[in-house]
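Okay, so here's the structure we're looking at.
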Amino acid sequence: MQWWINAKLATCSATPLPADSYYAIGVSEGYIQQLVPMSDWSEIKANQTEASVMDVNGRLVTPGLIDCHTHLVFAGHRAEEFEKRLNGVSYAEISRQGGGILSTVRATRSASFDELMESSTPRLLALMSEGVTTVEIKSGYGLNLETELKMLKVARALGDKYPVRVKTTLLAAHALPEEFKGRSDDYIDWVCREAIPAAAGEGLADAVDVFCESIAFSPEQCQKVFEAAVHYGLPIKGHMEQLTLTGGSKLAASYQALSVDHVEYLDEEGVAAIAASGTVATILPGAFYFLRERQLPPIELLRRYEVPIALASDLNPGSSPLASLRLMLNMSSTLFGLTPQENLVGVTRHAAKALNEENRLGQLQEGFAADFIVWDLQHPAQLSYQFGTQDLYQRVIHGAVSNDF
Ligand SMILES: [Zn+2]
């Protein structure tokens, strides 16, 4: 057994341990086997013949952080578009000049597998260096079979190459590709008949996502995608109520969605629906900030209905080119008023639930995966309060220390 002793724990479980005590964490075979108060440690130590012991000297230990919503695999960037907008060029004009999401689609289609690995790696490493041990990565810049699958394969390969868990999501219903212009129903039929069966058949997707919005796909179209996902045994998620209230969250709830994400315009009926289905509401403060949105997500309603709230980076080239989950913790408090405790649970236990991993990841609990972070911090609120400081002391994933990658 391997032990980490004198740890101050933020377990992020529903039944927290007394806050002022220090604990020993016993790990073997990649899982947390024992959590014992230090007052009992000397007795346990006496019976340990082959134990290795790491004294963390009262440092804070939390579960490894989980970024449960990213689009971090893509080619190119949209910095020129960003600059044009700030020079007064309208969004419509940028679109006419070939900008927007379809410019990322063109770049991603023409990038090779290796080029995509190379361009995505710094973004992944940035998240990992801040304490992320699990990351969700979506497709959605291919919008054809070859590139959607290529993106998912790159995501899986990143998880094989680096000490991080990767969960993949097929987001073929992200935008309408140029070749289907004016034929969005045909495109959705293609998603259902070709993209979902192929991704499911090759075991490349852990979930299926949609962008349900006035500028993307209608609830009726998203429902077709959900039906196909269910048929192939894949859980569903949705980009919902970001710019308008479409009713997408209510629809997603009727399919027991893992999560509905953005949710700025979600109403009480939608909140009640996701509360009943056990769906996580994932808030994305980076996109809210970057797009200079005004409509705040209905945090009070979500609290009142006890909806689990996760938060994530939404790392993507168009609306959240921000490779930092720690920044999201800070923004979640400063922009949306979440408490530091809500934030921490939002990037651990609730984020795990949004990825269908609530029984394995996101908590310091006996029987859970030994993914945790030892911080050079004393109080969990520091994770939300400060930003840009190098606070990570040790990163442990599946029971192995992996600070260097
Ligand atoms: Zn997104």
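Take the residues in the range 226-248 that are within 18 Å of the chain's Cα centre (by Cα) and not in a loop (DSSP other than H, G, I, E, B), then tell me which one is nearest to GLU194 (Cα to Cα).
Filtering the range 226-248 for residues that are within 18 Å of the chain's Cα centre (by Cα) and not in a loop (DSSP other than H, G, I, E, B), the one nearest to GLU194 (Cα to Cα) comes out as ILE236.
Inside the range 34-90, can you point out the residues that are more than 16 Å from the ligand (Cβ to nearest atom), within 27 Å of VAL347 (Cβ to Cβ) and of a type in the set (D, E, K, R)?
ASP55, ARG59
Filter the range 169-202 for residues that are farther than 22 Å from MET240 by Cα and within 28 Å of the chain's Cα centre (by Cα) and give the result.
Once the filter is applied, which keeps residues that are farther than 22 Å from MET240 by Cα and within 28 Å of the chain's Cα centre (by Cα), the range 169-202 yields ARG193, GLU194, PRO197, ALA198, ALA199, ALA200, GLY201, GLU202.
Looking only at the range 357-385, count how many residues are assigned to a loop (DSSP other than H, G, I, E, B) and either surrounded by 17 or more Cβ atoms within 10 Å (Cβ to Cβ) or within 21 Å of the chain's Cα centre (by Cα) (or both).
15
Need a quick list: helices (runs of 4 or more DSSP H) entirely within the range 264-316 having at least 3 residues that are within 16 Å of the ligand (Cβ to nearest atom) and under 18 Å from CYS68 (Cα atoms).
Of the helices (runs of 4 or more DSSP H) lying wholly inside the range 264-316, those with at least 3 residues that are within 16 Å of the ligand (Cβ to nearest atom) and under 18 Å from CYS68 (Cα atoms) span 285-290.
Residues checked against (1) of a type outside the set (A, V, I, L, M); (2) touching a Phe, Trp or Tyr at 6+ places or on another chain (Cβ under 9 Å); (3) over 26 Å from ARG123 (Cβ atoms); (4) assigned by TED's automatic domain parsing to the domain that holds VAL154:
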site: ASP55; (1), (2), (3), (4): yes, yes, yes, no
site: VAL73; (1), (2), (3), (4): no, yes, no, yes
site: GLY76; (1), (2), (3), (4): yes, no, no, yes
site: LYS84; (1), (2), (3), (4): yes, no, no, yes
site: ARG96; (1), (2), (3), (4): yes, no, yes, yes
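What's the number of the condition LYS224 fails, among (1) closer than 22 Å to GLY182 by Cα; (2) crowded, with 22+ Cβ neighbours inside 10 Å; (3) of a type in the set (D, E, K, R)?
Failing condition for LYS224: (2).
Name every residue in the range 386-405 that is in a loop (DSSP other than H, G, I, E, B) and either more than 19 Å from GLN33 (Cβ to Cβ) or modelled with pLDDT under 95 (or both), in order of residue number.
Hits for the range 386-405 are GLN386, PHE387, GLY388, THR389, GLN390, ASP391, SER402, ASN403, ASP404, PHE405.
The values are calculated or read from the model by the stated rules, or taken from the named source; none is laboratory data. In this text the structure is predicted, and so the values were computed from the model without any measurement. Reconstructed Cβ throughout: ideal geometry from the backbone, glycine too, with neighbour counts over all protein chains shown.
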